[in-house]
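The values are calculated or read from the model by the stated rules, or taken from the named source; none is laboratory data. Remember, predicted model here, so these are calculated numbers, not experimental data. Please note: Cβ atoms are built from the backbone with ideal geometry, for glycine as well, and neighbour counts cover all protein chains shown.
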Amino acid sequence: MELLEKLKWRYATKAMNGKKVPQAKIGDIVEAARLAPTSSGLQPFEIIEVTNPDVKKEIRKIGWNQSVITDCSHLLVFAAWDNYTAERINTMFDLTNEIRGFENEGWENYRQLLLSSYPQRDPEVNFNHAAKQAYIAFGLSIAAAAFEGIDSTPMEGFDADALDKILGLGEKGLRSCILLALGYRNTEEDWLVNLKKVRKSTEDFVTTIK
């Protein structure tokens, strides 16, 4: 399977060479995230695509000084909703009805179920739920990047509050979750490039219940 071969090829790139990735390939990687499954189809997150060198420098300062932040071609910031609100839920349900061209009683009942529960929950509970949805899309972006032959680096090592201020995410009702640097590996500087991929064996990883 070609995808599996690509996933064996990829690794968390530790140094990038600054070469630009064609925008069409970035578009495909982002599209993979847009097509990801999410709980109740709410898509409770957004992607901020950062290419501005000055902004990347600011992010590097609060991102453990990781060189890939400034040396990558594109830095994707996955940012989840800070809360579930009636407006956000209704917007997505209305969009579904608009695209499908009809209203369904069961679907409308489900809308009311979410409206009667999600907005009343603690905002931190809702953010954590939304962030989990972002991570699903994040995984698909990594797979899509590998499929396109693009190196990537997942990063949780950053000051989320500081990043939110840099990008003005609070004003948008968003909170940053995780970063994905996209670019091409610097084979001379990356200490990880020639090391073998380490994963548990399938036997240790999978439990089969018959």
Pull up the range 152-198, narrow it to residues that are over 15 Å from the mean Cα position of the chain (by Cα) and either basic (K, R) or part of a strand (DSSP E or B) (or both), then point me to the one that is surrounded by the fewest Cβ atoms within 10 Å (Cβ to Cβ). K196
Find all pairs meeting these conditions: Cβ atoms under 9 angstrom apart; at least six residues apart or on different chains; first residue within the range 35-56 and part of a helix (DSSP H, G or I); second residue acidic (D, E) and surrounded by 14 or more Cβ atoms within 10 Å (Cβ to Cβ). K56/D71
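Given the condition small (G, A, S), surrounded by 17 or more Cβ atoms within 10 Å (Cβ to Cβ), under 30 Å from Q112 (Cβ atoms) and out of contact with any Cys (no Cβ under 7 Å at 6 or more places or on another chain), answer yes or no: does some residue in the range 18-33 qualify? It would help to see each step written out before you state the result.
Here is the first cut: in the range 18-33, the ones small (G, A, S) are 18, 24, 27, 32-33.
Still in the list and also surrounded by 17 or more Cβ atoms within 10 Å (Cβ to Cβ): 32-33.
After this cut, where a residue has to be under 30 Å from Q112 (Cβ atoms) as well, the list is 33.
After this cut, where a residue has to be out of contact with any Cys (no Cβ under 7 Å at 6 or more places or on another chain) as well, the list is 33.
Scanning the range 18-33 turns up at least one residue that is small (G, A, S), surrounded by 17 or more Cβ atoms within 10 Å (Cβ to Cβ), under 30 Å from Q112 (Cβ atoms) and out of contact with any Cys (no Cβ under 7 Å at 6 or more places or on another chain).
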Could you tell me whether the range 71-86 includes any residue that is assigned to a helix (DSSP H, G or I) and farther than 19 Å from I178 by Cα? yes
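State yes or no: is N109 on the phi < 0 side of the Ramachandran plot and modelled with pLDDT under 95?
Details: on the phi < 0 side of the Ramachandran plot: yes; modelled with pLDDT under 95: no.
In short, no.
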